[in-house]
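**Student:** This is the structure I want to talk about, given as structure tokens.
The values are calculated or read from the model by the stated rules, or taken from the named source; none is laboratory data. Just so it is clear, the model here is predicted, and its values are computed rather than measured. So basically every Cβ, Gly included, is an ideal-geometry build from the backbone, and we count neighbours across all protein chains shown. Just so you know, the surface numbers come from the protein's heavy atoms only, side chains and all, with ligands and any DNA or RNA stripped out. Shrake-Rupley method; radii C 1.70, N 1.55, O 1.52, S 1.80 Å.
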Amino acid sequence: MSEQQPEDRKTGGASLSTEGVPSAEALAAAGAIDDVAPSAYRSDLPGPLGWIDNGIARLEGFLLAAGVLLMAGNSVANVIGRYFLGQSIQFTEEVNQILIILITFAGISYAARHGRHIRMTAFFDMMPGRMRKLLMIVIALVTAGFMFALAWYSWGFMMTQLSRGRVLPSLQIPVWMTVVWVPVGFFMTGLQYLLTTIKNIIAPDIYLSTSVLEGYADDEQEV
Amino acid sequence: MAVTILSIMIILLCLGFPMMIPLIAAAGVGFYTMFGGFGQMETMIQQFMAGIRPAALIAVPMFIFAADIMTRGQSAQRLIDLVMSFVGHKRGGLAISTAAACTMFGAVSGSTQATVVAIGGPLRPRMLDAGYKDSFTLALIINASDIAFLIPPSIGMIIYGVISNTSIAELFIAGIGPGLLILLLFSIYCWIYAVRMGVPTEPVTPWPDRMRAVARALWPMGFPVIIIGGIYGGIFSPTEAAAACVLYALILEMIVFRTIDLKTLVATARSTGLITAVVFILVGAGAAFSWVISFAQVPQEVLGAIGIDEMGPIGVLFVISIAFFIGCMFVDPIVVILVLVPIFAPVVDAVGLDPVHVGTIIVLQVAIGSATPPFGCDIFTAIAVFKRPYADVVRGTPPFILILLSVSVLLIFFPQIALFLRDLAFR
């Protein structure tokens, strides 16, 4: 099977047709897959702040990938353990809970950075340019406000967990440690939207995030 | 209170805020008015966390990951080749193949948008070459992709199952019947269209080539075997089936086909993580929202106003269908499920409807709404992928939407379309 692979790959593995195999860009445009690598992100912030921002972007990207891979490894190990070795892993659920919190809260900041949060833009798109810009500033600022408020309250939530001193039943990890990402994630997301507000105020175009322009890219290009 | 919460939500949504904000704002206002201040905001965070914690939700990122791996590989093309070699030479064969390939790809991926790209991408140019009109082709692609939402795995069904406390395994099995019925009706329409427009047929594929196509498609066909067979046979829970799918996809694309290297795997994991985060933040906000509205008895207030108590089961199902259909014409399906399911939950209970039946109807409505003008999200996927103007994409959709709506009416009056397989497997 493997010796015919190189040829297979070149033709898209098709015996009948090879045209129109969707490109990664088409998939990304559809939101079906996403190739926003952290290395592709360049911070707008000046000097050392920019380095820190780039570093955080890489860290978020790393946490996302690691979270999903660990979750996959953990879930797969549990299935293999249960069906092939007759023994399920006791702490699988707890590990997955920790990981889903990590993925969600590292991810919302990463998604804000790349302008990937879902929006309903139907009415927004119909507005004239000046109004869109003004509205985008309001949206980014208000969103930042909500995120900072949630960061504040989830900090309180984490401190409550800390004071109760509860631990996860089988892993024996303190519960508060598993929710550290919540205030951090909300805060970083708020920061992204705040930066987006500033970017929209000082730059001429309309920005979804500090590095992503609003609108559909290259829509005049024919397929 | 109900009026304030719902109008805040709708206004923020229409202004184009990221969708988590309308949910968070509505929940926050609810907590503020109910407890007379910001004293209980930590409870809101607690509900938020309770929303993303259920173990069954782990199936969502795992199915997304498996599908993400497969979408980068060759499975879509192999499935297309399989269907083409068997029905390609019939009248309307190319169109029927497109619908069938969408259905089969639905067993690999739970996302309608990924299906538009993976199946519609390669098949649209061939349908145009064969003489189908572009308006028909585009409408077929976006509407047939909806079948993917009904065929397990289905992200919509997992989320509905978790928030309504319904068996996800039963929902998965119940989605198959309506999915296949839609495929059948679409195929009949494609055939009629091809006869009327005199679209020429494709050459017949000789049997040796057919056997080769079958052999090549065997690998991707392992997905339905794992998911449907595993759940039907009582071997896997949906979450375990999702993990098994990840393992299977990894073996397939990394070891057998070698289409994915380690670097691509990491990029795939990152992309899955991003999609997961965007969905889960909504799920968390939705959980806080749903807690506050049921605490404040908003559902009773809203539904009492339209007199739902006198309607009986059929009436309730019609109201649910219409509400979800309209919701999805404007907003992302997952948000609609998160907002509307808790509103309707008490009445579904009160009238004694089968939650699996209701879930199937809801997922079907959500799928239809996603392909319905003015703002169904699949339409915008098609605009982005195929680079066609809005008017071209929506022109051919009415006949398909008519078919889909008649299926939903049938499903309301004949629950067995969905529940037959479920009863066979679980009762």
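**Student:** Residue check: is B:Pro61 within 8 Å of chain A (Cβ to nearest Cβ), in a helix (DSSP H, G or I) and surrounded by fewer than 24 Cβ atoms within 10 Å (Cβ to Cβ)? Working first, answer last.
**Tutor:** Working: within 8 Å of chain A (Cβ to nearest Cβ): yes; in a helix (DSSP H, G or I): yes; surrounded by fewer than 24 Cβ atoms within 10 Å (Cβ to Cβ): no.
Against the criterion (within 8 Å of chain A (Cβ to nearest Cβ), in a helix (DSSP H, G or I) and surrounded by fewer than 24 Cβ atoms within 10 Å (Cβ to Cβ)), B:Pro61 does not qualify.
**Student:** For B:Pro220, are the conditions met, namely being farther than 30 Å from A:Phe186 by Cβ and not in a helix (DSSP H, G or I)?
**Tutor:** It is true that B:Pro220 is farther than 30 Å from A:Phe186 by Cβ and not in a helix (DSSP H, G or I).
Matching residues to (1) under 16 Å from A:Leu141 (Cβ atoms); (2) within 13 Å of another protein chain (Cβ to nearest Cβ); (3) open to solvent by less than 20 Å² (accessible area, probe 1.4 Å); (4) within 17 Å of the chain's Cα centre (by Cα):
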| residue | (1), (2), (3), (4) |
| --- | --- |
| A:Leu171 | no, no, no, no |
| A:Thr189 | yes, yes, yes, yes |
| A:Asn200 | yes, no, yes, no |
| A:Leu213 | no, no, no, no |
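**Student:** Is it fair to say B:Arg210 is open to solvent by less than 30 Å² (accessible area, probe 1.4 Å), of a type in the set (Lys, Arg), modelled with pLDDT of 85 or more and farther than 25 Å from B:Pro398 by Cβ?
**Tutor:** Yes; evaluated as a whole, the condition is true for this residue.
**Student:** B:Leu23 - would you say it is closer than 24 Å to A:Leu208 by Cβ, more than 10 Å from chain A (Cβ to nearest Cβ) and aliphatic (A, V, I, L, M)? Full working, then the answer.
**Tutor:** On the way: closer than 24 Å to A:Leu208 by Cβ: yes; more than 10 Å from chain A (Cβ to nearest Cβ): yes; aliphatic (A, V, I, L, M): yes.
So B:Leu23 fits the description; yes.
**Student:** Then there's this: Any idea which residue in segment B:154-183 is nearest to B:Ala100 (Cα to Cα), counting only those that are open to solvent by 20 Å² or more (accessible area, probe 1.4 Å) and not in a helix (DSSP H, G or I)?
**Tutor:** The residue in question is B:Ser167.
**Student:** Spot the failing condition for B:Val108; the list is (1) closer than 25 Å to B:Val339 by Cβ; (2) part of a loop (DSSP other than H, G, I, E, B); (3) β-branched (Val, Ile, Thr), and only one is missed.
**Tutor:** (1)
**Student:** Being over 22 Å from B:Cys328 (Cα atoms), in a helix (DSSP H, G or I) and at pLDDT 90 or above is true for just one of B:Ile403, B:Ile412, B:Ile417. Which residue is that?
**Tutor:** After applying the criteria, what remains is B:Ile417.
**Student:** Still on this model: Look through A:Ile52, A:Ile56, A:Ile101 and report the one residue that is assigned to a helix (DSSP H, G or I) and either on the phi > 0 side of the Ramachandran plot or at the interface with chain B (Cβ under 8 Å from one of its Cβ atoms) (or both).
**Tutor:** After ruling out the rest, the residue left standing is A:Ile101.
**Student:** For A:Val179, which of the numbered conditions (1) within 9 Å of another protein chain (Cβ to nearest Cβ); (2) hydrophobic (A, V, I, L, M, F, W, C); (3) open to solvent by 60 Å² or more (accessible area, probe 1.4 Å); (4) over 30 Å from B:Phe330 (Cα atoms) fails to hold?
**Tutor:** For A:Val179, the failing item is (3).
**Student:** Among all residue pairs at least 6 apart or on different chains, which show Cβ distances below 6 Å where the first residue, located in segment B:1-28, is open to solvent by less than 40 Å² (accessible area, probe 1.4 Å) and the second is in a loop (DSSP other than H, G, I, E, B) and of a type in the set (Ser, Thr, Tyr)?
**Tutor:** Partner pairs satisfying both residue conditions: B:Gly16/A:Thr121.
**Student:** Just give me the residues in segment B:254-279 being over 23 Å from B:Arg78 (Cα atoms), facing chain A (nearest Cβ under 8 Å) and surrounded by fewer than 23 Cβ atoms within 10 Å (Cβ to Cβ), in sequence order.
**Tutor:** Correct list: B:Val266, B:Ala267.
**Student:** How many residues are open to solvent by 20 Å² or more (accessible area, probe 1.4 Å), aliphatic (A, V, I, L, M), under 30 Å from A:Pro174 (Cα atoms) and within 24 Å of the chain's Cα centre (by Cα) when one looks only at segment A:113-163?
**Tutor:** Number satisfying all stated conditions: 1.
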